[in-house]
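Notes to accompany the following structure.
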Amino acid sequence: MDTNVQEVAARPSSSAVTSLDLLKSWHREYIEADSNGLNADSHLVRVVKSDELDDDHIESQVQQLMSTIAVLQGFCVKCRHLLGHWPDLSTGEWACAVGRSCHTNEIEAAARTGCRFCSFLLTRLKVTGLLDTFRKIEKRLWSLKTGETASLSIQNWGNVRSRSQLLWLNLPGKVADHCNSPGAMMIKFESHVLSPAANLWHESVDPFDLAKMWIRECSSLHNRCRNIKRHEPPTRLVSISNDTVKLVPTATLKSLPKYATLSYSWGREQFLMLTSENLGLFQIEIPFGDLPKTFRDAIHIARKLEISYVWIDALCIIQHQDDKSDWLKESGHMRSVYGDAYVNLAASSATNVHGGCFTKPTYYNGGFCARTTTTEYSRVQNFHYGAVYEESSTNTYLASRAWSLQEKLLSPRTIYFGEQGMFWECRSNIKSEFLPDGFPGKLGSHLVRPEDQSWNWFYIVWYYSKAELTLVSDRLPALSGIATRQHETTGDQYLAGMWREFLVYQLPWTLRHPEHRRIRADSGVPTWSWASVHGQALLWSYWNSGHKEMNEYIHVVEAWTTPSGPDPFGAVSGGELLIACSVLVCGRLDRSASVKHEPTDSEATDVLLETGVQPVPIVQDCVEDALILANDVYMLPVFSGPSGMATHRADSVDKGDAQYVPEYMVRGLVLQRCGDNKGHFRRMGAFDFRRNSFKDNDKLETQNDHHDEFLRVLKEVGESTAEAECVKILTDPATPEQRFVITIE
């Protein structure tokens with residue numbers, strides 16, 4: 001950094017940072033600390049967080065610096081110099097170099113002046129929450145007149161032939177030399193070589209012109225994004241083509257027009273919506289000025305995209321009906337409403353309907369393209385955060401709302417509007433207003449797929465069940481559109497969030513965070529479904545050879561649920577499984593102490609098995625309520641076999657020939673009787689016992705003991721207990737050992 005620029009950038013306020021002796025002691029330790037190991041959680045960094053910053057003084061410095069910075073074709077002098085003298089990293093694998101020094105005030109001044117590289121660096125500092133930390137360290141270093149600053153490091157991503165590089169900001173005065181070190185992981189991003197003819201996007205482009213270009217290309221060129229069939233049209237659409245906004249019954253239209261849908265978070269504040277009382281008035285005119293900001297923004301966007309109709313649930317479905325008849329009918333049509341939409345508009349950052357779509361912070365930059373030149377080559381590279389998709393889509397506030405998942409997955413294309421600017425996702429690629437040509441080799445969610453491809457239900461449940469709902473009763477209706485499309489693709493029987501073909505392997509689901517469990521809601525969902533409880537559910541998924549190596553203890557004789565409304569894939573008012581099992585074990589809960597359940601290390605309850613000599617842990621589905629106060633439980637193994645995990649033998653590694661020993665498991669359900677009804681049960685939890693041959697590990701030895709204890713008792717009394725507790729015995733079952741029938745509701 002030039003001396004005069006550094007002086008303006010870092011000159012401290014008159015107040016001292018801390019006592020000089022303490023400051024020197026901290027500086028000595030800080031400089032001597034390993035740069036690779038030092039990060040935001042390190043003690044030497046955490047101690048500066050209590051330092052104070054003078055915001056007015058920082059603003060004054062930034063303003064002074066802005067007058068000294070010149071920006072040409074989107075880059076300041078220092079960034080242009082770096083791009084024109086890019087480090088030559090052809091010296092070897094993972095070759096690394098420092099690109100330039102960086103001071104936060106200088107970065108912010110250049111960002112405000114229009115430098116895209118500096119805007120991107122400033123954005124990463126702010127998004128990670130480390131801007132103030134960097135500034136406080138800078139303030140300490142400047143008070144000691146050390147002249148040390150932060151810096152930007154660049155490293156080959158692998159070998160010298162790699163067409164990708166990794167970059168990161170180093171803490172002031174430190175230089176990490178590998179991208180995977182804690183010191184580099186704080187503010188790391190990536191860069192990929194593009195075609196020599198790639199557009200550098202030097203000139204500013206209207207985001208709506210970009211969006212129209214994306215839609216045009218997607219609808220005309222992407223086979224994956226085309227819908228295979230048309231479905232029943234929405235009952236109503238909102239016409240926005242003229243100055244008058246009004247509700248239009250689609251039955252009055254000659255053909256279904258192109259329309260945009262809106263995905264947004266309602267929030268808890270009141271706003272104008274469709275009711276039985278204003279239905280007639282809405283068909284004449286919807287008062288635009290009375291609509292919440294998110295609706296007004298969505299209509300503005302649709303008009304800019306030359307779309308004449310929008311579908312917004314609160315304006316197209318009658319709300320607050322006593323019998324909810326219109327909602328029950330229309331909520332079951334989300335498969336067609338979003339599936340047939342021309343484009344879905346997502347207000348990704350707004351926490352309620354008044355938040356709007358345009359929430360991008362000033363000077364935010366989500367990436368850029370630039371030409372880099374070394375002594376050996378000149379090439380075009382893009383620069384962006386590695387998890388740009390997650391940051392713009394799956395980790396936004398909107399993604400935390402359960403209804404939004406099906407709106408995203410059913411739509412052929414979605415444009416997100418939020419704090420990350422405008423972000424595009426279709427079934428073929430992802431793009432942003434900062435990188436309009438997209439991210440070569442990088443696709444968004446593997447769940448956004450052509451409508452004739454089925455989903456891996458493990459991931460559907462993973463993402464959906466961790467999201468929140470305002471109404472517990474929406475647990476299944478908010479998944480209905482996804483279930484409808486999955487059924488169209490597979491033809492399988494849908495059972496309250498689960499599927500008949502894979503039911504045996506889906507039944508032993510568990511909660512990812514049992515410590516957050518609640519009382520089981522009286523929602524009509526049968527206890528054997530993950531949808532009957534609150535929290536993120538984990539279905540079992542075997543990554544290697546599927547079910548071929550599994551030993552099954554049960555098979556499903558019959559399975560049914562009763563829809564509580566017109567939607568066969570929506571809410572239910574009950575359901576039951578008729579299970580034929582080979583074994584069953586009785587036990588008693590020990591509520592005196594909480595234990596940790598291996599391998600998930602989650603809170604568990606001990607069970608002392610019949611004829612058992614030591615307790616084994618089980619995990620309950622919900623907090624104790626009237627339904628599970630009884631201490632007697634029954635443990636039903638569902639399947640056993642290799643878990644898909646393995647450990648290597650230490651002696652084989654020493655010999656240079658690593659041998660892996662598979663881990664084995666037995667998974668099942670924890671049941672309790674329904675009253676005094678013999679053979680009739682309800683689920684109250686699950687178990688997962690593992691055996692691992694790895695030695696000299698106390699944790700694994702305890703885990704092995706649980707596995708062996710259960711199998712020992714199972715062998716001793718499993719068949720006799722199943723016979724004593726069953727409803728009936730099958731006389732000629734297809735699987736002879738699975739002949740004892742029980743029901744689970």
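The values are calculated or read from the model by the stated rules, or taken from the named source; none is laboratory data. None of these values were measured; they are calculated from a predicted model. A quick note on method: Cβ atoms are made from the backbone with ideal geometry, for glycine too, and the neighbour counts reach across all protein chains shown. Note: areas computed on protein heavy atoms with side chains; ligands, DNA, RNA excluded. Shrake-Rupley method; radii C 1.70, N 1.55, O 1.52, S 1.80 Å.
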Check: Restricting the search to region 423-437, which residues are open to solvent by 10 Å² or more (accessible area, probe 1.4 Å) and in a loop (DSSP other than H, G, I, E, B)?
Finding: Ser428, Asn429, Glu433, Phe434, Asp437
Next item on the list: Considering every residue within region 535-543, establish whether at least one is touching a Leu at 6+ places or on another chain (Cβ under 9 Å) and either at pLDDT below 80 or closer than 16 Å to Glu745 by Cα (or both).
Entry: no
Check: If you go through region 268-286 one residue at a time, do you hit one that is of a type in the set (Lys, Arg), surrounded by 14 or more Cβ atoms within 10 Å (Cβ to Cβ) and either out of contact with any Pro (no Cβ under 8 Å at 6 or more places or on another chain) or over 18 Å from Leu471 (Cα atoms) (or both)?
Finding: no
Checklist line | Unmet requirement for Asp698, which otherwise passes all of (1) more than 18 Å from Glu552 (Cα to Cα); (2) modelled with pLDDT of 90 or more; (3) of a type outside the set (Phe, Trp, Tyr); (4) open to solvent by 30 Å² or more (accessible area, probe 1.4 Å) | finding: (2)
Item checked: Matching residues in region 474-489 - criterion: being of a type in the set (Ser, Thr, Tyr) and crowded, with 16+ Cβ neighbours inside 10 Å -> Ser480, Thr484
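A quick yes/no check of all residues on (1) in contact with a helix residue (DSSP H, G or I) (Cβ under 8 Å, 6 or more places away or on another chain); (2) basic (Lys, Arg); (3) crowded, with 20+ Cβ neighbours inside 10 Å:
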site: Arg712; (1), (2), (3): no, yes, no
site: Glu716; (1), (2), (3): no, no, no
site: Glu723; (1), (2), (3): no, no, no
site: Ile742; (1), (2), (3): yes, no, yes
Margin query: Out of the residues in region 214-233 meeting the condition of being in contact (Cβ under 8 Å) with a residue 40 or more places away in the chain and of a type in the set (A, V, I, L, M, F, W, C), tell me which one is most open to solvent (accessible area, probe 1.4 Å).
Written below: Ile228
Check: Would you call Ser195 surrounded by fewer than 19 Cβ atoms within 10 Å (Cβ to Cβ), of a type in the set (Ser, Thr, Tyr), out of contact with any Asp or Glu (no Cβ under 6 Å at 6 or more places or on another chain) and touching a residue at least 40 places away in the same chain (Cβ under 8 Å)?
Finding: yes
Check: How about region 235-258: which of its residues are assigned to a strand (DSSP E or B) and either within 12 Å of Val337 (Cα to Cα) or without any contact (Cβ under 8 Å) to a residue 12 or more places away in the chain (or both)?
Finding: Arg236, Leu237
Check: Wholly within region 341-422, which strands (runs of 3 or more DSSP E) include no fewer than the required count, namely at least 2 residues that are surrounded by 24 or more Cβ atoms within 10 Å (Cβ to Cβ)?
Finding: 343-347, 413-418
Notebook entry, point to check: In this structure, does Tyr664 turn out to be in a strand (DSSP E or B), within 24 Å of Leu503 (Cβ to Cβ), at pLDDT 65 or above and open to solvent by 60 Å² or more (accessible area, probe 1.4 Å)?
Noted result: yes
Checklist line | Cβ-Cβ under 7 Å pairs, at least 6 apart or on other chains, region 86-109 side within 16 Å of Thr133 (Cα to Cα), far side hydroxyl-bearing (Ser, Thr, Tyr) | finding: Cys102/Thr149; Cys102/Ser151; His103/Thr149
Checklist line | Failed criterion for Phe208 (all others in (1) open to solvent by less than 50 Å² (accessible area, probe 1.4 Å); (2) part of a loop (DSSP other than H, G, I, E, B) hold) | finding: (2)
Check: Do you know which residues across region 94-139 are of a type in the set (A, V, I, L, M), in a helix (DSSP H, G or I) and open to solvent by 30 Å² or more (accessible area, probe 1.4 Å)?
Finding: Val127
Check: Can you tell me how many residues in region 127-141 are out of contact with any helix residue (DSSP H, G or I) (no Cβ under 8 Å at 6 or more places or on another chain) and within 23 Å of Leu83 (Cβ to Cβ)?
Finding: 0
Check: Taking region 39-91 on its own, how many of its residues are open to solvent by 90 Å² or more (accessible area, probe 1.4 Å), in contact with a Ser or Thr (Cβ under 9 Å, 6 or more places away or on another chain) and in a strand (DSSP E or B)?
Finding: 0
Margin query: I need a count of the residues in region 167-195 that are more than 14 Å from Cys96 (Cβ to Cβ), part of a loop (DSSP other than H, G, I, E, B) and either within 28 Å of the chain's Cα centre (by Cα) or of a type in the set (A, V, I, L, M, F, W, C) (or both).
Written below: 4
